[in-house]
């Protein structure tokens, strides 16, 4: 366990208000699957429903980690940790009721916090130990979002970031570049949205998963000609494996790099030129 705890310590970012040497972080899973069926994701075809443990079960496990291993930070490694405000409220209330003291990070839907009154829930989460939440933008272009089968708008994404940041919660997001409608303009639009939200994104290129709409489209259009060869090169989404846009490969990668460089400079994140995509961990924006 100490080897795992040590490894997680070096994966922690600045959202955790502890000196790195004092962080004792471990991961757990609160849920399996996802309520959404995005067209690039393996969840789109596997047919399994979203399953989430009860908040009591989750917090019983966290208490065991605290008591037995001295854990003070929990990373919920779920595709979707929180799907409703009711569930989040119950989770935060139970932590406060039990007087549990630990920091935690998870994921939620990108349009969960939309009302001005949601700031009170965000403050309660912060009081209960939430340091950061990840929710995906993926793209700020509505045509691409529609093709992705996403159910949020860029405006909802921005509103959620504003509410959570007001409560002191750090926001994290991910992007997928490479849908057929991707252009220089859509790439810029997406990075503009991240800059406005004051979030440096985790970026990847579209990597069609077998059985998904994106995979079927890639096969149909001849982007994937030998399925076995394609499966053998699947790996890091941060490497361009397949390009379904009309932008040449080198130009596509250069456009993404240039826009990430701009985001890095505007938000004063401090990443080197070689770590704009493969960031490992990075400092939060200093503005």
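A short reminder: the numbers here are calculations on the coordinates, not readings from a lab. On a predicted model such as this, the values are computed, not experimentally measured, just so you know. Here the Cβ positions follow ideal geometry from the backbone for every residue, glycine too, while neighbour counts run over all protein chains shown.
Kirkwood analysis of the range 162-234, using all unique Cα-Cα pairs, places the hydrodynamic radius at 14.6 Å. Computed from the Cβ-Cβ distance with R0 of 35 Å, the FRET efficiency linking residue 226 to residue 275 stands at 0.60.
When DSSP beta bridges are restricted to pairs lying wholly in the range 1-148, around 15% turn out antiparallel. One chain, two ends: residue 56 and residue 185. Fully extended at 0.36 nm per residue, the span grows by 41.8 nm beyond their Cα-Cα distance. Seen against the Cα atoms of the chain and their longest principal axis, helix 184-197 is set at about 10 degrees. Sorted from longest to shortest, the spans of the Cα atoms of the range 83-212 along the three principal axes equal 50, 33, 21 Å. The residues 151, 36, when put in order of fewest to most other Cβ atoms within 10 Å, stand as 151, 36.
For residue 21, project a label point 7 Å along Cα to C-beta. Then give me every residue of the range 59-73 with its amide nitrogen under 20 Å of that point. Once the point is set 7 Å along Cα→Cβ of residue 21, 70-73 turn out to lie under 20 Å by backbone N, inside the range 59-73. Using 1/(1 + (r/R0)^6) with R0 = 22 angstrom and r between the beta carbons of residue 236 and residue 84, what's the FRET efficiency to the nearest 0.05? The pair residue 236/residue 84 has a calculated efficiency of 0.10. Using C-alpha pairs under 8 Å with a sequence gap of at least 6, the mean separation divided by the residue count of the range 2-275 gives a relative contact order of 16 percent.
Here the gap between residue 10 and residue 174, fully extended at 0.36 nm per residue and compared with their Cα-Cα distance, gives a gain of 57.0 nm. Using R0 = 35 Å, the C-beta based FRET efficiency linking residue 2 and residue 127 works out to 0.70. Each DSSP beta bridge with both residues in the chain is either parallel or antiparallel, and the antiparallel ones are about 10%. Per-peptide packing, taken as the mean over residues of other Cβ atoms within 10 Å, places 167-179, 17-29 in the sequence 167-179, 17-29 from highest down.
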